[in-house]
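The structure under discussion appears below in the form of structure tokens.
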Amino acid sequence: MAPELTSRAELVKLARALGTTTDDVTFAASLPTRDLRRLRRRVVGALYDEHRTAFRRVAAITRTLPVALNVRIALRAFSPLLAARVAGEMSPDRAAELANRMPVEYLAEACVHLDPRRAGPLVRAIDPGRVLAVVTELIDRGDFVTLGRMMDAATDRMLADLATTISDDALLRIGCYAESDARLTRAVAALPAERLRAIAHTALNGPPDLRAAGLSLLARLDDEHLRERLAGYAVEELSRETMT
Amino acid sequence: MRSDVRDRLRSWLGDDLGVVDGLSERELANLYEALTAARHRQATAIAAASEEALRQMPAPVRVGVGKILGF
């Protein structure tokens, strides 16, 4: 069951990368999860690399202008798509300086278009409070695929702050699309026992997709002890349900 | 399976991506179609966004920036 859930999440991510629906990527459904992930990463790479030269030139121009002017030009003339592609070609510190002065809604939309291979250093350089605001905005939009991608980019501190701030429901759904099992495990490991119990409760009492997200989370944890603990909380929750 | 489709996919996704060899001919054709459509959609979206960006710029800098963008 768990590999099927992970493959399903990969198909959603492949569809997102190709700008289409999951029905249109069933050609890849026969692939093992690992191959599906490799294919998706190559697709992402091919698409992002295609127009890099032009964006690199624009990024070079931004180096000659003051930050405030860059922000004004970007907000006036650049859609979040363009801004994200240019940001991917800028130095992370410079791009973060701009991001720290842009509206959260604009940044959230830009995040969707940010090259995932370059997102890490940029996200880590942005003011953590701003990152949290963008995460909240993306949760409000229900964009858990982008959030799953961002999870890899966040610092440990950001992950811990985010994991304690966001709802169980959001955490479960983001976990489905997390790129790395190790990062996901780290985020979950930072949570106190009461929160893990609450997550088990939310997963088991939620709609089918949330139950599936809970199962997927359990399967993806790469720390056996943590997996056993979470599974134990789920069993406790099930026993409580049976008793009532 | 037309070998040019397989070759084109290899050139886009990398020679060493064994996944391409693991897909059936029909699946490969669908992947090719999806990737071609995605490239087209992306080029259209970037061109539209770039045109809009240029429209927002003062006329004297528009031509120069347009050349830099290459659209």
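If you take the Cα centroid of chain B and the Cα centroid of the stretch A:22-44, the two points sit 18 Å apart.
What's the local net charge at residue B:18, with K and R +1, D and E -1, over the other residues with C-beta under 12 Å away? Neighbourhood net charge equals 0. The dipole here belongs to chain B: it is taken about the Cα centre, uses +1 on the Cβ of Lys and Arg and -1 on the Cβ of Asp and Glu, and is about 420 debye. For the pair the stretch A:74-142 and the stretch A:219-244, the centres of their Cα atoms are 36 angstrom apart. Using R0 = 22 Å, the C-beta based FRET efficiency linking residue A:52 and residue A:76 works out to 0.40. When a/c is below 1.5 the answer is rounded, else prolate if a/b is larger than b/c, else oblate, so apply that to the stretch A:137-196 with a ≥ b ≥ c taken from the square roots of the Cα gyration tensor eigenvalues. Taking the square roots of the gyration eigenvalues as a ≥ b ≥ c, the stretch A:137-196 is oblate.
Ordering of A:217-228, A:169-180, A:123-134 by packing is A:169-180, A:123-134, A:217-228, highest average first (other Cβ atoms within 10 Å, averaged per residue). Under a model in which nothing but the beta-carbon of Lys, Arg (+1) and Asp, Glu (-1) is charged, chain A shows a dipole of about 1020 debye around its Cα centre.
Taking the Cα centre as origin and putting +1 on Lys and Arg beta-carbons and -1 on Asp and Glu beta-carbons, what dipole magnitude results for the stretch A:65-152, to the nearest 20 debye?
Details: 11 positive and 11 negative charges, 48 e Å.
The dipole magnitude comes to about 240 debye.
First select every other residue whose beta carbon is under 9 angstrom from the beta carbon of residue A:145; then total the charges, Lys and Arg +1, Asp and Glu -1. Net local charge, residue A:145 excluded: +2.
A Förster distance of 35 Å, applied to the separation of the beta-carbon atoms of residue A:231 and residue B:24, puts the FRET efficiency at 0.40. Rounded to the nearest 500, the helix-only mean residue ellipticity at 222 nm of chain A stands at -24500 deg cm²/dmol, with each DSSP H run of n ≥ 4 adding -39,500 (n - 2.57). With Cα atoms as the point set, the radius of gyration and Dmax of the protein assembly as shown evaluate to 21.4, 76 Å.
Once the C-beta distance of residue A:63 and residue A:104 is scaled by a Förster radius of 45 Å, the resulting FRET efficiency is 0.95 to the nearest 0.05.
What does the average come to when, for each residue of peptide A:55-68, you count the partner chain Cβ atoms lying within 10 Å of its Cβ?
Numbers: counts 2, 0, 5, 5, 0, 1, 3, 0, 0, 0, 0, 0, 0, 0.
Averaged over the peptide's residues, the number is 1.
To put it simply, the accessible area of the stretch B:3-69 at a 1.4 Å probe is 54 percent carbon and sulfur.
Inter-chain Cβ neighbour count for B:12-19, averaged per residue, equals 5 (cutoff 10 Å, partner chain atoms only). Pairs of Cα atoms nearer than 8 Å and 6+ residues apart set the relative contact order; for chain B it is 24 percent.
The values are calculated or read from the model by the stated rules, or taken from the named source; none is laboratory data. Computed from a predicted structure; not experimentally measured. Glycine also receives a Cβ, built like all others from the backbone with ideal geometry; neighbour counts cover every protein chain displayed. With ligands, DNA and RNA removed, areas are computed over all heavy atoms of the protein, side chains included. Shrake-Rupley method; radii C 1.70, N 1.55, O 1.52, S 1.80 Å.
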